[in-house]
Amino acid sequence: MSRIGKKPVTVPAGVTASVDGQTVKAKGPKGELSFVVNDEVLVKMEEGGVKVDPRDQSKEARSKWGMSRTMINNIFTGVKDGFEKRLEIQGVGYRAAMQGKNLQLALGFSHDVVYQVPEGITVAVPRPTEIVITGIDKQRVGQVAAEIREYRGPEPYKGKGVRYAGEQIVRKEGKKK
């Protein structure tokens with residue numbers, strides 16, 4: 001049984017939610033999002049919020065139950081507060097800068113890497129070694145952060161590269177004479 005799925009999703013203040021068949025829509029101060037729930041899961045609007053239940057006791061329905069509840073909770077959080085991911089850049093000469101709507105990264109290659117920021121995502125560079133990614137869709141914010149990190153992930157010997165803020169890199173010992 002899903003412990004997460006049992007709890008109804010409360011609609012935060014300032015957010016309007018509606019359930020139309022299998023589609024849950026949320027509108028808030030940051031924008032508007034919708035999520036289409038899998039057919040294995042029943043969704044209904046109640047006084048306490050949105051209630052999610054499995055259609056039957058099959059393994060497939062139960063496995064999608066908790067995930068559906070979490071996705072609905074994420075769209076409510078996104079339209080109210082939004083999501084943020086922070087990246088840190090470490091390495092001599094490694095830096096980031098905004099060039100119009102594109103992110104320009106100097107990561108030790110022979111050329112600068114230019115990343116086109118997708119629609120609905122905001123990228124800020126408060127310092128040359130810090131990147132802040134914000135948006136209302138949690139999946140897209142995480143995907144953009146992962147794509148930027150992928151250009152030069154942290155390496156285990158010196159720790160150089162792009163890492164998530166607070167990420168611990170397991171360091172390896174170098175060669176011995």
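Quick rundown of the values:
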quantity: Too-long pairs where the Cα-Cα distance tops 27 Å, listed order kept, from 64/101; 80/160; 27/59; 138/158; 85/160; calculated: 64/101; 80/160; 27/59; 138/158
quantity: Farthest positive-ward along segment 1-144 dipole, Cα basis, beta-carbon charges - from 135, 9, 71; calculated: 9
quantity: Loop-located chymotrypsin sites (Phe, Trp or Tyr not before Pro) in segment 35-132 whose Cβ has at most 11 other Cβ within 10 Å (DSSP); calculated: 109
quantity: Distance between modelled label sites at residue 170 and residue 27, nm, 7 Å Cα→Cβ extension; calculated: 4.9 nm
quantity: In sequence order, calculated HN-Hα J values of segment 19-29 (Karplus, 6.51, -1.76, 1.60; Hz; x Gly/Pro); calculated: 10, 10, x, 9, 9, 10, 10, 9, 10, x, x
quantity: Helix 59-80 vs. the chain, principal-axis angle (Cα, 0 to 90°, nearest 10); calculated: 70 degrees
quantity: Dipole moment magnitude, nearest 20 debye, the chain about Cα centre, only Lys, Arg, Asp, Glu C-beta charged; calculated: 900 debye
quantity: Sparse-neighbour loop sites [GluC sites (Glu not before Pro); segment 22-67; at most 11 other C-beta within 10 Å; DSSP]; calculated: 47
quantity: Cα gyration tensor shape for segment 48-177, rounded if a/c is under 1.5, else prolate or oblate; calculated: oblate
quantity: Nearest-ten-degree value, helix 138-151 long axis tilted from longest Cα axis of the chain; calculated: 20 degrees
quantity: Pair residue 121, residue 134: separation of 7 Å Cα→Cβ label points (nm); calculated: 1.6 nm
quantity: Fluctuation leader among 80, 27, 59 - the chain, Gaussian network, Cα springs under 10 angstrom; calculated: 59
quantity: Low-density loop positions, GluC sites (Glu not before Pro), segment 130-177 - DSSP coil, at most 15 other Cβ in 10 Å; calculated: 167, 173
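Coordinate-derived values only; no laboratory data. In this text, all values refer to a predicted model and were calculated from it rather than measured experimentally. Every residue, glycine among them, receives a Cβ derived from its backbone with ideal geometry; neighbour counts consider all protein chains shown.
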